[in-house]
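Single-structure report; data block below.
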Amino acid sequence: MKKKLIPYSIILMFLITFTVFYKSLKDTNIYTPETNINNDIPIFLADLLLLNENSTSTEIFELDKFYLLNIWASWCVPCRDEHPILMSLSKNNKLTIIGMNYKDNKKNAKSFLNKLGNPYEKIIVDKNGTISIEWGAFGVPETFIIYNNKIIKKYIGPLNQELQMEIQKTIK
Amino acid sequence: MIYSVVGHYSLILGFCIGLILIFLSIKNFKNSNQLDTKILSFSFLQLFFVLISFLALIISFVISDFSNETVFNNSHTTKPLFYKISGTWGNHEGSLLLWLLVLTLFIFIFLLRTKNQPTKYKILTLGFQQVIIVGFFLFLIQTSNPFNYLFPVPDEGLGLNPILQDPALAIHPPILYLGYVGSSIIFSSALAATTLKMVSSSWAIHIKKWVLVSWIFLTLGILLGSIWAYYELGWGGFWFWDPVENVSLMPWLALTTLLHCILVLERKEILTSWVIVLSIATFTLSMCGTFLVRSGILNSVHTFANDPERGLFILIFLFALIFLSLFIFFFFHQNNKNNLSNFFWLSKETSILVNNWFMMYFLSVVLIGTVYPIFLDVLSSQKISVGPPFYHKLIAPFLIPFLFAMAIGPRLKWIRSDLKDKIYLISLLIISILISFFIVKNFNINTLINTILISSALYLFFITLRDFFNKKYKNFAQNTAHFGFSLLILSILFNNLFSSEIITNLKVGETYNNSKTKIVFESINQKKDKNYKSIIANFNITSSEGINNNLSPELRIYNQPNITTSEADIKTTLMEDKFIVINLVQNQDYFNVRYQVKPFMLWIWLSVIMISLGGLVSFLQKRI
């Protein structure tokens, strides 16, 4: 009996280690930071892609409805992954999707939209990345939900099916 | 584009050959009079396909083929050719392909070079090795394929992280991997030898070469990583106890212990359990390192990819290997009855055993410091960070008996020794204590532990130095390595105790003055290079002894990706390094200046080279 105790306890120890590592893997997913929520949106003036004009933040987010601001770039690989989700969200007319084209070249951005579809009503051009900083973005892709000129949700990293459901629940 | 296709299909072919080889080795194992010649040709073919696929990736990098996702993520047309090539293994996918290349290369060499060993053993080793290889193939193809196709094809890539654009780092991964992967051969053959109950002296002699090869490469790999951190990260240190550094140190500790156990096993049929457990541990720790680095569980300067799917795969694979080896160990291994009773207290093997326990202690300290934060986070959602003081406090005191045993042990005889003719051991001890007392008194460092540490390191230093001139003493390899180790500890100690640092903010034209040093910020130049712009600051530094130095640290602003790095300027002399680094202060014309004088830096690198030289000598020499 005593002889078998050692192997069993070692195996048990490794099983516990496995469980802990497994759990910590699950924890490192997309997270929602607590800061920057319920803050007013920043005020800015920017060029719009596809329309040769510029616009201010108050003009873009003026209506009494939900807005989704998505920061993307044609060179960003995860943006390709989340693109179908944005396409299906754009069919919901309670929600207006605004794009922010981050540090991108106009030609590449346009060819990206031609090939994969355009879910955005307006696209703000953020050539040097400064507007994204004002929004408190960490990188691309990143998504903000805006209502009544306030940021109510923020997602870092690509959107997925689960987050799509959550967004649909929020705007109901 | 065509290269990606070629590379991708070669990978799949290599994977299929892995499966064939597992099948062949099972078949050959059942009726094993001699090694099936097909096995040798198939493993050559496997090596060939992996090589093709690796070359295909290199070519895709060289011609900047951005339809390949890996190239797109890690390269850029304006990058110098050297970094385009080294970019191949500077990323997750490419580095795993390199792993695979070395794995297949080593098993091929193993089959080719192993003579005088039973055929069954060779076949079984191949079988275990192929299980590992097939696992890596699956991992590569499933979760991190280096040949993913990207459409629409982008015009330009994202560029390689500038801090990775450094010559030392370009060769650091391949060297380190040779060490890591070498341990996989030790793992497989230890499992095979356990299954066949042939863990004995003749096996120890055979596997010793492999242990030495992996050990040399692992030592040099760690050294290169450390040199890179010193020159490139600009923090002025060479070891940060960063989790990623720790995961390379842990296999090294296990491997060093294994090497010493093998030396004992060579002479005397003892410590067999130690050898088997350590062979398993070395490889599992290397794998565990890969898991921790690649899964993004740890937060460190090296974190590459945050992909839980990859992490999950390695985790399952790692634990499958652990349970397989545990099963083999408990099921097949029988401990010799006379294992412990056979030790005389004063003998070479006793001192090796004592130091093995110390090594295990150091290993557990590093292991706990690295994984405990993960456990705590999961079990109680608390985040802690374990820093250098933890390691220093737990390791430094135990270095003292460790160094003493290291000094005296090799002077003892195997099996049974006495203290005759050992007066010089005591006289050297007194000399070392006197010298260290003198150093400590002279430089006003009044801590007891430093005095004792310096004396113990000096003791090892003197004893090994004496033996270089002792004609009767034959073990030149061991002596070189131990001498290197004493030099390493001494250099680290002096470096820690006598370093000085000045941190200040200066504008162009200003001067900083204290009793010992005068720093004049003379001018700024701007320069444009192929893929970055740089601001070069010129400093004139005068020390109290009147020595004058011009140092020009740099700030580099890379265009792709847009990152600023600070390049330290380091003036290396035999006795000390002068290290200066600048940083921008937000929205001001001030620069933040850090100036350090670090004695014995060069000796740290040299002593590690000397340690691995000891390994090399042992590898080349015939057994006495």
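What follows draws every value from the coordinates through simple rules; no lab data is involved. Computed from a prediction, not measured in an experiment: that's the story for all the values here. Cβ sites come from the backbone with ideal geometry, for glycine too, and all protein chains shown count toward neighbours.
Give a quick list of trypsin sites (Lys or Arg not before Pro) in the range B:516-624 that DSSP marks as loop, anything other than H, G, I, E or B, with at most 16 other Cβ atoms within 10 Å.
B:K516, B:K530, B:K622, B:R623
Dipole of the protein assembly as shown (Lys/Arg Cβ +1, Asp/Glu Cβ -1, origin at the Cα centre): which of B:L263, B:I133, B:I322 lies farthest to the positive side?
The listed residue farthest towards the positive side: B:L263.
Considering only A:S24, A:S74, A:S57, give the residue with the highest GNM mean-square fluctuation for chain A, with springs between Cα atoms whenever their separation is below 10 Å.
Answer for the Gaussian network model of chain A: A:S24.
Collect residues whose amide H, placed 1.01 Å from N in the peptide plane, falls under 5 Å from the amide H of B:S75; neighbours closer than 5 in sequence don't count.
Correct list: B:L158, B:G159.
Give the Rg (one decimal place) followed by the Dmax (whole number) of the range B:500-602, computed from C-alpha coordinates and expressed in Å.
14.1, 44
Looking at A:Y147, A:W135, A:Q161, which one has the Cα that reaches farthest to the positive end of the dipole of the range A:112-172 (charges on Cβ: Lys, Arg +1; Asp, Glu -1)?
Highest projection toward the positive end goes to A:Y147.
Once you charge only the Cβ atoms, +1 for Lys and Arg and -1 for Asp and Glu, what is the size of the charge dipole of the protein assembly as shown about its Cα centre, to the nearest 20 debye?
Numbers: 65 positive and 47 negative charges, 723 e Å.
Taking the Cα centre of the protein assembly as shown as origin, the dipole is about 3480 debye.
With a 10 Å Cβ neighbour count serving as the proxy for reagent exposure, in which order, fewest first, do B:F398, B:F358 appear?
B:F398, B:F358
Which of B:I59, B:I563, A:I123 comes first, and how do the rest follow, when ranked by fewest Cβ neighbours within 10 Å?
Ascending number of Cβ neighbours within 10 Å: B:I563, B:I59, A:I123.
What dipole magnitude, in Debye to the nearest 20, does chain B give about its Cα centre under +1 on Lys/Arg Cβ and -1 on Asp/Glu Cβ?
I would put it at about 2500 debye.
Please build a GNM for chain A, connecting alpha carbons under 10 Å apart, and tell me which residue among A:N54, A:N160, A:N118 fluctuates the most.
Among A:N54, A:N160, A:N118, the largest GNM mean-square fluctuation belongs to A:N54.
So what is the calculated 222 nm ellipticity per residue for chain B, using -39500 (n - 2.57) for each DSSP H run with n of 4 or more, over all residues, to the nearest 500 deg cm²/dmol?
-21500 deg cm²/dmol
Need one word for the range B:1-162: rounded, prolate or oblate. Basis is the Cα gyration tensor (sqrt eigenvalues a ≥ b ≥ c); a/c below 1.5 gives rounded, then a/b vs b/c decides.
Prolate, because a/c is 1.5 or more and a/b exceeds b/c.
State which entries of A:K106/A:K169; A:K110/B:K84; A:K107/B:K530; A:K23/B:K197 exceed 27 angstrom in Cα-Cα distance in the structure shown.
The answer is A:K106/A:K169; A:K110/B:K84; A:K23/B:K197.
Mind ordering B:595-603, B:218-226, B:453-461, B:202-210 by average Cβ neighbours within 10 Å, highest first?
B:453-461, B:218-226, B:595-603, B:202-210
How shielded is B:146-156 by partner chains, expressed as the average number of their Cβ atoms within 10 Å of its Cβ atoms?
Averaged over the peptide's residues, the number is 3.
Once you order the gyration tensor axes a ≥ b ≥ c over the Cα atoms, which shape class does chain B get: rounded for a/c under 1.5, otherwise prolate or oblate by comparing a/b with b/c?
oblate
For the protein assembly as shown, rounded, prolate or oblate, judged on the Cα gyration tensor with a ≥ b ≥ c (square roots of eigenvalues), a/c < 1.5 rounded, else prolate if a/b > b/c?
oblate
Along the charge dipole of the protein assembly as shown, Cβ charges K/R +1 and D/E -1, which of A:H83, B:N513, B:Y121 sits furthest on the positive end?
Positive-end residue among those listed: B:Y121.
Where does each of B:D529, B:D242 land when they are ranked from fewest to most other beta-carbon atoms within 10 angstrom?
Least crowded to most crowded, the residues run B:D529, B:D242.
Which residue, A:E162, A:E134, A:E142, tops the fluctuation ranking in a GNM of chain A built on C-alpha contacts under 10 Å?
Looking only at A:E162, A:E134, A:E142, the biggest GNM fluctuation is shown by A:E162.
Please list the three semi-axes, largest first and in whole Å, of the ellipsoid equivalent to the range A:36-170, using sqrt of 5 times the eigenvalues of its alpha carbon gyration tensor.
Computed over the range A:36-170, the values are 19, 18, 14 Å.
Explain nothing, just the number: dipole magnitude of the range B:1-162 about its Cα centre with +1 on each Lys and Arg Cβ and -1 on each Asp and Glu Cβ, in debye rounded to the nearest 20.
Dipole size: approximately 960 debye.
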